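Following: one structure in structure tokens, then a few remarks.
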Amino acid sequence: MSTIAILPARGGSKRIKNKNIIDFCGKPMIAYALEAAEKSQLFDKIHVSTDSDKIKNTVESLGYSVEFMRPTELSGDMMGTIPVLQWVLEKYRSLKKNYDDIFNIMPCAPFLQPNDLKKAYQLYLKHEKKHPLHVVAEFPAPIEWAYRRDNNGFIFPFKKGAYAIRSQDLRKAYYETGPFSIFHASHILSKKPTTDEGFISYVITKDRAVDIDEEEDLAFAKKIYFGQKAMENIEK
């Protein structure tokens, strides 16, 4: 059994320039995910999949090697993650290196902890590797209370009348938070169309479920990070 962590880190991020290597509280953003992966001691290989020399140089300055670069045709805005994972696995197979369990770890995951990776892997193994795993967090409010908003500021409920239902009478709902997923090689290499069904879930707390896509997300994540550090100092 062999395990690989693949961090897809293309260089063309537009909403936050150089998002994957931007300074986040004193370190390049990608450093947090790399350190968590290394400290978990789960992986036979940690691979950063990038098309960017700047990202490659940053990763290597942190002490990690980038064995090969991602081709340009797999680095566009519309490119999904699964084709990238497929290409990486097939590339390694051409180098006579086979990996059974694949962790897709996002490079913008500053709250990822080694224990998350280890506990999620145990859950994945408990289900005999038959199901891929997503990391989820609980929605901060019932999804039945959701609204759409038009350009004039008027709001329209997704479910009419749901605002009158008490929160304690509604089932909890969860969303996929993105720091990592786990797949068996057969899930990736089958070339079957990917769906959003059949996943098992590992739950993290809301304060660590920050998906960093916009500048506002980045500012929010920094507030959480420094708030957590302040709490740690108070509790010492």
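The values are calculated or read from the model by the stated rules, or taken from the named source; none is laboratory data. In this text the structure is predicted, and so the values were computed from the model without any measurement. Ideal geometry is used to build each Cβ from the backbone, glycine not excepted, and the neighbour counts take in all protein chains shown. Note: areas computed on protein heavy atoms with side chains; ligands, DNA, RNA excluded. Shrake-Rupley method; radii C 1.70, N 1.55, O 1.52, S 1.80 Å.
Quick notes
- Most mobile listed residue (Val210, Val48, Val66) in the chain, GNM with C-alpha springs under 10 Å: Val66
- Under 16 Å from the Cα of Lys96 - aspartates and glutamates, other chains or at least 8 residues apart: Asp44, Glu67
- For the chain, share of DSSP beta bridges that run antiparallel, in % to the nearest 5: 55 percent
- Kirkwood-Stokes translational diffusion coefficient of region 68-115, alpha-carbon pairs, 25 °C, 0.890 mPa s, µm²/s: 195 µm²/s
- Multiplying the residue separation of Glu215 and Leu189 by 0.36 nm and removing their Cα-Cα distance gives an extension gain of 5.9 nm.
- Of the solvent-accessible surface of the chain, computed with a 1.4 Å probe and all protein chains present, 50% belongs to carbon and sulfur.
- Once the Cα atoms are used to define both axes, helix 81-94 deviates from the longest principal axis of the chain by about 20 degrees.
- With all protein chains kept in place, the per residue accessible area of region 107-236 amounts to 68 square angstrom at a probe of 1.4 angstrom.
- Principal-axis analysis of the Cα atoms of the chain puts helix 215-235 at an angle of about 90° to the longest axis.
- With a Förster radius of 30 Å applied to the beta-carbon distance between Ile155 and Gln113, the computed FRET efficiency rounds to 0.20.
- Compared with the dominant principal axis of the Cα atoms in the chain, helix 29-40 is inclined by about 70°.
- Annotation: the antiparallel percentage among DSSP beta bridges lying fully within region 114-236 is about 65.
- Residue pairs, from the table Lys27/Lys56; Lys39/Lys130; Lys17/Lys54; Lys45/Lys97; Lys17/Lys91, whose Cα atoms sit over 18 Å apart: Lys39/Lys130; Lys17/Lys91
- Label-point gap, in nm, between Gln228 and Ser65 - each point 7 angstrom along Cα→Cβ: 3.1 nm
- Cα-based equivalent ellipsoid, the chain: semi-axes from gyration tensor eigenvalues, Å: 31, 23, 20
- Taking every alpha-carbon pair under 8 Å whose residues sit at least 6 apart, region 124-211 reaches a relative contact order of 48 percent.
- Relative contact order (%) - region 1-142, alpha-carbon pairs under 8 angstrom, separation at least six: 36 percent
- Each Lys and Arg adds +1 at its Cβ and each Asp and Glu adds -1 at its Cβ; summed about the Cα centre, the chain shows a dipole of about 260 debye.
- Note: region 147-228, Cα convex hull, 216 Å³ per residue.
- For region 109-168, the pair-distance distribution built from all alpha carbon pairs, in bins 10 Å wide starting at 0, is 17, 28, 20, 26, 9, 0 percent.
- Calculated P(r) of region 36-152 - Cα pairs past 17 Å, %: 68 percent
- The packing ranking, built from the mean of other Cβ atoms within 10 Å per residue, places the peptides 88-97, 29-38 in the order 29-38, 88-97, highest first.
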